[in-house]
Amino acid sequence: MKVLVPVKRVIDYNVKVRVKPDQTGVDLANVKMSMNPFCEIAVEEAVRLKEKGVATEVVIVSIGPQQAQETIRTALAMGGDRGILITTDADPEPLAVAKLLAAMVAEEAPQLVLMGKQAIDGDNNAVGQMLSALLGWPQATYASAIEVSGATAKVTREVDGGLQTLDVDLPAVVTADLRLNEPRYASLPNIMKAKKKEIAQKAVADYGVDVAPRLKVVKVAEPAKRSAGVKLESAADLVSKLKTAGVL
């Protein structure tokens, strides 16, 4: 079984995001970039499926600038077999990404697309669902556990009311949630091996997909600063404050 894992290059989650002075977007100059954490979880799960003998090949795909090769190399060092980079300097919207991935699926013919539920930059949480609709495949989102048996995947997903278990026929699209697994650290030998693994270069034009934006960003601004809290000496003081504020 071939597993296709899309990954995205984003600002590292430890970095404090800065807004450009003209408020046209986020400042990416001299900022540490890394793999989207949910994508990293998806890569880990795909590699675990391979280690169990369920998957035979794990293909990593990314859409972005040339620097996204570093993100693919990280996934290859974790255990991916080969990578594909669709180069673009634009930041495609979710529908454009889903269309490109659908074209990639038609080319690669995987039995499972395993991806992060969302990217921490746009927080759209839309590509997996859109890709499923475009392909006409079953989908299972917010996966916290995955078991593949034959032509079926049993996916436990987190919902507001608790846990829901689905049986989906393969091929399918599954999106990974936070508690699916704990991604491994790539060892130095695997990092060195990853440098020799293949990364095919593609262009958006190769797939005939229109990635022109449908949305216009009017303004990007930092959230309002929170005022400092007040330290109270006793529970009685807290009750008094709450009464004054009209809470009690």
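Here are the numbers for the structure shown:
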read-out: Evaluation of residue 64 against (1) open to solvent by 10 Å² or more (accessible area, probe 1.4 Å); (2) under 15 Å from residue 211 (Cβ atoms) (one fails), failing number; value: (1)
read-out: Checking residue 75 against (1) open to solvent by less than 70 Å² (accessible area, probe 1.4 Å); (2) free of Cβ contacts under 8 Å to residues at least 60 places away in the same chain, the condition it does not meet; value: (2)
read-out: Count of region 1-50 residues which are of a type in the set (Ser, Thr, Tyr) and touching a helix residue (DSSP H, G or I) at 6+ places or on another chain (Cβ under 9 Å); value: 2
read-out: Those residues of region 222-245 which are part of a loop (DSSP other than H, G, I, E, B), open to solvent by 60 Å² or more (accessible area, probe 1.4 Å) and among the small types (Gly, Ala, Ser), in sequence order; value: 224, 227, 228, 229, 245
read-out: Strands (runs of 3 or more DSSP E) wholly inside region 86-187 that include at least 1 residues being of a type in the set (Lys, Arg) and surrounded by 15 or more Cβ atoms within 10 Å (Cβ to Cβ); value: 152-159
read-out: Region 14-23, residues that are open to solvent by 60 Å² or more (accessible area, probe 1.4 Å) and under 30 Å from residue 187 (Cα atoms); value: 14, 16, 17
read-out: Scan of region 24-54 for residues that are in a loop (DSSP other than H, G, I, E, B) and open to solvent by 70 Å² or more (accessible area, probe 1.4 Å), ordered by number; value: 24, 28, 30, 32, 52
read-out: Residue 97 being in contact with a strand residue (DSSP E or B) (Cβ under 7 Å, 6 or more places away or on another chain) and closer than 15 Å to residue 2 by Cβ; value: no
read-out: Unmet requirement for residue 205, which otherwise passes all of (1) open to solvent by less than 60 Å² (accessible area, probe 1.4 Å); (2) among the small types (Gly, Ala, Ser); (3) part of a helix (DSSP H, G or I); value: (1)
read-out: Breaking point among (1) among the β-branched types (Val, Ile, Thr); (2) assigned to a strand (DSSP E or B); (3) within 14 Å of the chain's Cα centre (by Cα), for residue 72; value: (2)
read-out: Single residue of 231, 225, 195, 216 found to be farther than 30 Å from residue 22 by Cβ, charged (D, E, K, R) and modelled with pLDDT under 90; value: 231
read-out: Residues that are over 9 Å from the mean Cα position of the chain (by Cα) and closer than 14 Å to residue 176 by Cα, drawn from region 101-122; value: 112, 113, 114
read-out: Pair list, Cβ under 6 Å, 6 or more apart: region 163-180 residue within 18 Å of residue 106 (Cα to Cα), other residue in a strand (DSSP E or B) and open to solvent by 50 Å² or more (accessible area, probe 1.4 Å); value: 173/139
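The values are calculated or read from the model by the stated rules, or taken from the named source; none is laboratory data. Note that the structure is a prediction, hence the values are computed from the model and not measured. Backbone-built Cβ (ideal geometry, glycine too); neighbour counts: all protein chains shown. For the accessible areas, the whole protein counts, side chains as well, though only heavy atoms, and no ligand, DNA or RNA atoms are used. Shrake-Rupley method; radii C 1.70, N 1.55, O 1.52, S 1.80 Å.
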